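I have placed the structure first, in the form of structure tokens, so that the comments after it can refer back to it.
Where a number appears in this text, it was derived from the coordinates with a stated rule and is not lab data. Values in this document were obtained by computation on a predicted structure and should not be read as measured data. Note that we place each Cβ from the backbone using ideal geometry, even for glycine, and neighbour counts take in every protein chain shown.
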Amino acid sequence: MTARNDIQAITERIRERSRPAREAYLDRLDAAASRSANRAVLSCGNLAHGFAVCAPSEKTALAEDRIPNLGIITSYNDMLSAHQPFETFPQLIKEAAREAGGIAQVAGGVPAMCDGVTQGQPGMGLSLFSRDVIAMATAVGLSHNMFDAAVYLGVCDKIVPGLLIAALTFGHLPAVFIPAGPMTSGLPNDEKAKVRQLYAEGKVGRAELLEAESKSYHGPGTCTFYGTANSNQMLMEIMGLHIPGSSFVNPGTPLRDALTREAAKRALAITALGNAYTPVGRVIDERAVVNGVVGLHATGGSTNHTIHLIAMAAAAGITLTWQDISDLSEAAPLLARVYPNGLADVNHFHAAGGLGFLIRELLDAGLLHEDVRTVWGEGLRPYTVEARLGDDGGVVRAPAPATSGDEKVLAPAAKAFQPTGGLKVLSGNLGKAIIKTSAVKPERRVIEAPALVFDSQQALNDAFKAGRLDHDFVAVIRFQGPKANGMPELHKLTTVLGVLQDRGRKVALVTDGRMSGASGKVPAAIHVTPEALDGGPIGKVRDGDIVRVDAETGLLEALVPPEEFAARKMPTPDLSANGHGFGRELFEGFRQLATRADHGASAFGTA
């Protein structure tokens with residue numbers, strides 16, 4: 001089944017725009033593949049170092065280049081709940097590789113930081129650029145040229161985008177991404193959010209807040225709300241880089257281990273040494289990118305991916321724009337209600353039919369490209385399944401259920417929660433921005449109110465505690481972009497603005513920073529570009545200016561006479577504190593090189 005005409009037209013637009021960069025990328029991929037880019041080109045000294053710790057039989061096999069060698073890139077650490085399960089994965093992968101007649105080696109480890117730990121802390125200034133560090137660390141691991149394919153162990157916010165950027169840089173190698181799965185359900189996310197608001201209002205203490213947070217984030221696995229981490233897993237599956245049905249199986253279960261073994265064996269099966277060679281640079285093409293964007297909209301996914309998807313696509317020579325993302329949002333209906341777009345968590349989503357159901361609904365509606373290449377083979381239809389544990393301990397697959405197990409969580413395309421995906425581009429005299437409307441009630445999608453200007457989220461929170469914000473306003477938080485301070489998430493604003501909105505105040509946020517993948521009920525024009533430090537007009541807004549945030553018509557305006565607005569001088573902020581402490585001094589070069597948010601906010605530039 002082919003995609004609908006509007007989906008096809010946007011895809012073709014991306015293809016034509018990207019043609020020069022994409023053709024150059026594929027030429028490099030083919031050249032790397034033709035050079036036998038593996039152990040055959042290594043000298044004896046090179047190779048001896050590369051297999052020094054291997055068993056004698058493995059050394060013989062690697063020396064003769066007879067069997068595939070699988071590189072493992074891992075983001076394991078035991079502080080992150082989402083990444084702690086990866087501790088046991090390398091051994092599972094090595095065992096599976098031996099069973100399949102191959103070898104596996106840990107090629108390298110990459111850093112993995114948790115935005116949940118660093119929210120509102122100085123370390124958050126490293127978060128966005130950790131994506132680029134992860135890509136570079138992955139490249140170091142693969143630079144030894146010992147491998148015929150690679151598997152990537154990553155889950156959370158910047159880790160998967162960084163891994164994919166690197167995988168595409170080594171686009172001649174097959175790549176399979178292996179998830180760890182979400183933690184089991186704990187305290188419901190909406191109950192946790194209520195306790196956060198009570199704490200912000202001084203109605204409960206720190207002990208009560210910590211108890212609620214600990215009951216929500218309580219064990220191994222991904223946080224259960226639908227933020228960037230779980231959006232990552234959806235993307236890897238719908239773009240064909242997971243094996244089918246693997247995204248949302250809980251860690252520490254027999255099925256999770258079986259899926260990990262199967263993924264390793266599949267990676268070995270698609271190397272150039274066999275008959276099903278599947279380089280990752282051919283899997284990720286314009287159609288796969290469009291499928292990822294449609295999946296993001298259909299599930300109400302993270303706003304962070306309006307940055308990450310652009311950077312990931314660029315690594316494959318594909319130029320994706322915010323306008324493409326916005327136009328696809330108009331075409332793709334919202335089929336999932338997972339917190340913060342609903343009360344359910346990802347375990348409820350998975351139980352209701354999960355990605356297998358969702359992909360089938362989107363395919364049958366003509367909203368996805370079916371004729372894509374995946375790590376599983378040709379076509380996306382094999383992903384319309386759910387994975388189960390077979391009697392022999394292996395993975396068996398059955399068609400996804402014909403009907404949703406809970407239409408309040410996962411709707412069929414014919415009963416979509418809303419006709420659009422809920423991510424929209426705003427533009428006007430303040431620049432361009434992204435707004436996520438899927439969790440915002442329709443009556444709150446247009447806000448016109450006086451501006452209150454702050455240069456940090458802490459300044460706004462201090463004003464709230466001082467009782468100065470109990471009225472209608474648009475909060476303008478500037479100097480939060482990639483060049484200013486690494487573009488941290490301003491997650492601590494969510495609770496305060498949510499409290500004021502619940503009191504009946506009309507509030508909105510305008511910022512050149514980011515919000516969490518859990519951006520919720522408050523209208524927020526985020527990623528404003530150009531950023532203030534780059535001369536962006538958001539820096540010219542003054543207290544009392546009437547600002548209009550209109551998610552219906554796509555307008556972001558300061559209602560100031562054009563002559564007056566143009567004549568205003570940009571402020572000169574003191575950002576010296578952003579450059580020191582918690583390792584931030586090491587990232588000065590990243591801040592200087594960073595591209596705009598709508599170009600991927602990358603130190604690597606664009607395609």
Q) Cα extents of the chain along the three principal axes, largest first, in whole Å? A) 74, 53, 49
Q. Can you give the angle from 0 to 90° between the axis of helix 159-169 and the longest principal axis of the chain, with both taken from C-alpha atoms, to the nearest 10?
A. 50 degrees
Q. Working out 0.36 nm times the residue gap between residue 210 and residue 43, then minus their Cα-Cα distance, what length gain in nm do you get to one decimal?
A. 54.5 nm
Q: Could you tell me which of the pairs 94/265; 436/540; 215/441 are separated by over 21 angstrom between their Cα atoms in the structure shown?
A: 436/540; 215/441
Q: Using packing as a proxy for protection, rank 166-172, 496-502, 415-421 so that the peptide with the highest average count of other Cβ atoms within 10 Å comes first.
A: 166-172, 496-502, 415-421
Q: Provide the FRET efficiency to the nearest 0.05 for the residue 471-residue 184 pair, computing r from the beta carbons and using R0 = 60 Å.
A: 0.90
Q: Could you tell me what % of all Cα pairs in the stretch 370-468 have separations over 18 Å?
A: 74 percent
Q. Considering only the chain, what is the antiparallel percent among its DSSP beta bridges, to the nearest 5?
A. 45 percent
**Q.** Between helix 254-269 and the chain: long-axis angle, C-alpha atoms, 0 to 90°, nearest 10
**A.** 60 degrees
Q: Can you tell me the dipole magnitude for the stretch 423-574 around its Cα centre, using point charges on the Cβ only (Lys, Arg +1; Asp, Glu -1), in Debye to the nearest 20?
A: 380 debye
Q.
Could you tell me which residue out of 559, 70, 152 lies farthest along the dipole of the chain toward its positive end? Charges go on the beta carbon: Lys and Arg +1, Asp and Glu -1, centred on the Cα centre.
A. 559
Q | Segment residue 2-residue 559, extension gain: residue separation times 0.36 nm, minus the distance between their alpha carbons | A | 196.0 nm
**Q.** Backbone HN-Hα couplings from phi across the stretch 236-249 [Karplus 6.51/-1.76/1.60, Hz, Gly and Pro as x]
**A.** 5, 6, 6, 8, x, 10, 8, 7, x, x, 9, 5, 10, 8
(Q) Nothing charged except the Cβ atoms of Lys and Arg (+1) and of Asp and Glu (-1): what's the magnitude of the dipole of the chain about its Cα centre? Round to the nearest 20 debye. (A) 260 debye
Q. How do 158, 215, 483, 203 rank when sorted from fewest to most other Cβ atoms within 10 Å of their own Cβ?
A. 203, 215, 483, 158
Q. Given the pairs 408/506; 203/408; 432/521; 465/521, which span a C-alpha to C-alpha distance of over 25 angstrom in this model?
A. 408/506; 203/408
Q.
What number does the stretch 423-574 give for Rg over Rh if you use C-alpha atoms and the Kirkwood radius?
A. 0.92
Q. Sorted by mean Cβ packing within 10 Å, highest first, what order do the peptides 80-92, 239-251 take?
A. 239-251, 80-92
Q: May I ask which residue of 252, 274, 184 lies farthest towards the positive end of the charge dipole of the stretch 178-296, with charges of +1 (Lys, Arg) and -1 (Asp, Glu) on Cβ and the Cα centre as origin?
A: 274
**Q.** Convex hull volume per residue in cubic angstrom - Cα atoms of the stretch 30-166
**A.** 115 Å³
Q) So how tilted is helix 492-502 from the main axis of the chain? Cα-based, degrees 0 to 90, rounded to 10. A) 50 degrees
Q. Within the stretch 1-71, which trypsin sites (Lys or Arg not before Pro) sit in a loop by DSSP and count at most 10 neighbouring Cβ atoms inside 10 Å?
A. 66
Q. Which of the aspartates and glutamates could a cross-linker span from residue 59 if the Cα-Cα distance has to be under 19 Å and same-chain partners fewer than 8 positions apart are dropped?
A. 95, 99, 148
**Q.** Coarse-grained scattering of the stretch 525-607 at q = 0.12, 0.24, 0.26, 0.27 Å⁻¹, given as base-10 log I(q)/I(0) from a Debye sum over alpha-carbon atoms
**A.** -0.50, -1.22, -1.29, -1.33
Q) When DSSP beta bridges are limited to those with both residues in the stretch 423-574, what percentage is antiparallel, rounded to the nearest 5? A) 60 percent
